[in-house]
Structures are given as structure tokens and as C-alpha cells.
Amino acid sequence: MHIALLVKEFPPDVIGGTETQTMRMATELQQRTDTEVTVFTKSYPGSSNNDSHPYEIVRVPNWQLSPFVSTLTFVLAATLLLIRDADEFDVLQCMMIYPNGFVGQIVNRVRGLPYFAWIRGGDYYFMKDTPGKRWMIKRVLADTRVLVQTEQIANDVYSEFPEATLTVLGNGIEIPEETATGDEIVFVGRLKEQKGVHLLLQAAAELDETVRIVGDGPERTRLEDLAERLDVDANFVGEIPPEEVTRHLCHGKIFVLPSICGEGLPNAVLEAMAVGLPVVVTDTGGVADAVAIDHTGFVVEPGDLDALTQRLVYLCENDEQRNSMGSQARQWVRDTYGWDRICEELKLLYKSLVD
């Protein structure tokens, strides 16, 4: 079976949750199953020289005058390429319901190529209230099966689009041999306001602990200034390749994702649990569904600084409980999000769409 996998951006040009998960998913499908994968994604200057993957990557031309123009021209060009090449594929897998799911619907209408979309978080929560984008999202939800990462995301979608046909399937995670043996509080993610890193720094000001912040973004300078004002021992690592995340997680004893809105199912949370870290996260999007509360970590309300601080204090002061939760977290991820299970579920979905 030959799958066309449409994703707007891709490593190494853009390194985010959706991009990294797509890269790994394509590799696992190609290597673990009899599925052939071709990835369609944006072209960046020089990006084709960095493609060394076990699957084909089609770099779609786009005009990078601005983010809006780049996305618009990518969507138009990707639609034309997929219409042209539709006979080569059995299924079109659209990573993100907006705008990629709408591309899938157009290609399906013109060439009959079966397709599905996969809500990744921001493509739904941040787009659904914009009239034009909501119209596109609604059309896709009413037209084909859509994957969501957790039950909570499914409930959120059904509450506004009861006509949707949804299937819950989480991210895939490789369980590394190494486990965390460090003594730091770790965050991994894009440094944007929605990630709530300022709350982590405020909580850390009440603790005598080192904070490792992995990632980059528009809030970095402000966050560095805040850490200095609060006298927090914060190590800002910056952006790193996806394959180096595990090494930085192993410096930790606790992982924190204090997002205030808009998450799907972040890779970083699952990767942290995979190395044996208990997690403290906020109840936004599908994040809470990834945590067995009181067994693999804690969930607090978004923006609740007092609750976040209390949970961190508890874990820092109770070594035995922290280590036990970390061990349970590693096993939970192995059982729930291992690649064998994810690939098998995808194969069944592909077959159902083709049939």
C-alpha cells in the first residue's frame, strides 16, 4: 500500500510536535510494515539537500513572502501535485485538519483518492473560531473519518461538530534504553506564551532547583529576563534536533508542561514518561488523557500557579514517590503508545478506507 502523507512543514526546517511525529511515523510505517510512504511538505531553500530518510519526500514549492502567502501557495501547489499524482497512492493522510484536511477533500472530489485528517491540537483549537477556517474544518469533519489524539479532544470536537466521525489514536513513541538519572526540572517545547513557561519559572522561584528549558521561540528573551529577576537557576538550552531530546530529558527528575491553552497530545510529555520521568501538566486539550493521575504524574488547571508549585514541591521532597511514578510512567507509555500498536491501527484504517 502506498500512502501520501501531507504535512505543512517538516524537520529540519521546522521542528515541532507535529513535524517530529510525522517524520518518525513515516519511518516506522516504512520499516515495520509493508506500507510505502511519500511525504509532501513545504520546500525551503536548501532543504532538499538535508533529506536522508527511508521514504520519498516531495518538497512542494511555495512563495515565502510572508507566513500567510507561504501557506496559501503551499496549499495550492500541494493540491495540484496530489491531483496530478493521485493514481500513485492508495490513501492520503493529512496531518492537521486545517489546512491539509481541506486539501484532502478537494483531491478526493477531483480524483477519488481516499483521505483522512488528523487533528493535532492547534489546527483545531486555534482555528475553529475563525469563520473561514471553521467552514473548512466543518466540511472535512462531515466528509471523512478524522483522527484525534485523545478522548478529551474527541469530546471537545463532538461538542461543536456532532456530525463528525472520529477515531482516537495517540502519538507513537520509541522507548529508549536509557532512563533519567538527573536532578533537574525539565521543560521541552516552543517558547511561546501559550506554553506557560513563565508559570514554571515563577513556581521554580519557590524551590531550590535547577530548571532546564529546551526549545526556542519568540518568548525566549522575556523568559530569560524573568528567570534573572526571580533568581531562578535556569538553563536555556535552545532549539535542538529531535534525536537529542532524550539526552536532555535524562538530566531531569520531573518534567513540566504548564501550557495555558491549545495543546493536542505533545510528544514531549510522552518522551519524558518514556525515560521514566513523572510529569506535571495542565488540563488543556488532550494532555490530561496522557497521564494516569497520581500514578504517572499530576494534572493542574491552566494558570493555577499555586497548584503547580505545590505539585512540584511534593515531588521534589518525596524521592520514593517520585521514582515510583517515573517507573509507572515508563511502563504506561510502553503499553499505550508503542509504535507496534500505532502502526497496526493505521494499517487497519488504511484498509478500511480503501475497501
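The values are calculated or read from the model by the stated rules, or taken from the named source; none is laboratory data. All values reported here derive from a predicted model rather than from experimental measurement. Virtual Cβ from ideal backbone geometry, glycine too; neighbours counted across all protein chains shown.
Exactly one condition in (1) within 26 Å of Arg24 (Cβ to Cβ); (2) assigned to a loop (DSSP other than H, G, I, E, B); (3) not assigned by TED's automatic domain parsing to the domain that holds Gly252 is not met by Val146; state its number.
(2)
Within region 44-55, can one find any residue that is in contact (Cβ under 8 Å) with a residue 40 or more places away in the chain, in the same structural domain as Val103 (by TED's automatic domain parsing) and not in a loop (DSSP other than H, G, I, E, B)?
no
Applying the selection to region 242-274, what residues are surrounded by fewer than 24 Cβ atoms within 10 Å (Cβ to Cβ) and in a strand (DSSP E or B)?
The one that is surrounded by fewer than 24 Cβ atoms within 10 Å (Cβ to Cβ) and in a strand (DSSP E or B): Lys253.
What residue, among those in region 248-270 that are modelled with pLDDT of 95 or more and either in the same structural domain as Ile153 (by TED's automatic domain parsing) or more than 21 Å from Asp294 (Cβ to Cβ) (or both), is farthest from the chain's Cα centre (by Cα)?
Applying the filter and picking the extreme gives His251.
From the list Ala227, Ala203, which one is touching a Ser or Thr at 6+ places or on another chain (Cβ under 6 Å), surrounded by 18 or more Cβ atoms within 10 Å (Cβ to Cβ) and not in a loop (DSSP other than H, G, I, E, B)?
Being touching a Ser or Thr at 6+ places or on another chain (Cβ under 6 Å), surrounded by 18 or more Cβ atoms within 10 Å (Cβ to Cβ) and not in a loop (DSSP other than H, G, I, E, B) holds for just one of Ala227, Ala203, which is Ala203.
Grab the helices (runs of 4 or more DSSP H) fully contained in region 66-132, keeping just those with 2 or more residues being free of Cβ contacts under 8 Å to residues at least 40 places away in the same chain and polar (S, T, N, Q).
67-85, 102-111
Name the single residue that is farthest from Lys253 (Cα to Cα) among those in region 325-340 being of a type outside the set (Ser, Thr, Tyr) and in contact with a Gly (Cβ under 8 Å, 6 or more places away or on another chain).
Trp339
Given the structure, is Phe89 assigned by TED's automatic domain parsing to the domain that holds Glu345, closer than 20 Å to Val69 by Cα, touching a helix residue (DSSP H, G or I) at 6+ places or on another chain (Cβ under 9 Å) and at pLDDT 95 or above?
no
Which number in (1) under 26 Å from Val110 (Cα atoms); (2) at pLDDT below 95 marks the one condition that Pro11 misses?
Answer for Pro11: the failing condition is (1).
Just to be sure, is Thr41 outside the structural domain of Ala268 (by TED's automatic domain parsing), of a type in the set (Ser, Thr, Tyr) and crowded, with 22+ Cβ neighbours inside 10 Å?
Yes; evaluated as a whole, the condition is true for this residue.
Taking the condition within 19 Å of Trp118 (Cα to Cα), without any contact (Cβ under 8 Å) to a residue 24 or more places away in the chain, crowded, with 16+ Cβ neighbours inside 10 Å and in the same structural domain as Leu82 (by TED's automatic domain parsing), does Glu19 pass?
For Glu19, the condition - within 19 Å of Trp118 (Cα to Cα), without any contact (Cβ under 8 Å) to a residue 24 or more places away in the chain, crowded, with 16+ Cβ neighbours inside 10 Å and in the same structural domain as Leu82 (by TED's automatic domain parsing) - is met.
When you check Leu76 against the structure, is it more than 19 Å from His2 (Cα to Cα) and at pLDDT 95 or above, yes or no?
Against the criterion (more than 19 Å from His2 (Cα to Cα) and at pLDDT 95 or above), Leu76 qualifies.
Look through region 151-189, keep the residues that are more than 18 Å from the chain's Cα centre (by Cα) and of a type in the set (Phe, Trp, Tyr), and return whichever of them is nearest to Lys128 (Cα to Cα).
Phe161
Kindly indicate which of Ala26, Ala4 is of a type in the set (Gly, Ala, Ser) and part of a strand (DSSP E or B).
Ala4
If you go through region 230-241 one residue at a time, how many are under 22 Å from Gly17 (Cα atoms), without any contact (Cβ under 8 Å) to a residue 40 or more places away in the chain and surrounded by fewer than 15 Cβ atoms within 10 Å (Cβ to Cβ)?
1
Could you check how many residues of region 206-223 are assigned to a helix (DSSP H, G or I), surrounded by 15 or more Cβ atoms within 10 Å (Cβ to Cβ) and either of a type outside the set (A, V, I, L, M) or at positive phi (or both)?
1
Name the residues in region 92-129 that are among the basic types (Lys, Arg) and touching a helix residue (DSSP H, G or I) at 6+ places or on another chain (Cβ under 6 Å), would you?
Passing the criteria: Arg111, Arg120, Lys128.
Within region 275-309, take every residue that is within 15 Å of the chain's Cα centre (by Cα) and in a helix (DSSP H, G or I) and give me the one that is surrounded by the most Cβ atoms within 10 Å (Cβ to Cβ).
Ala290
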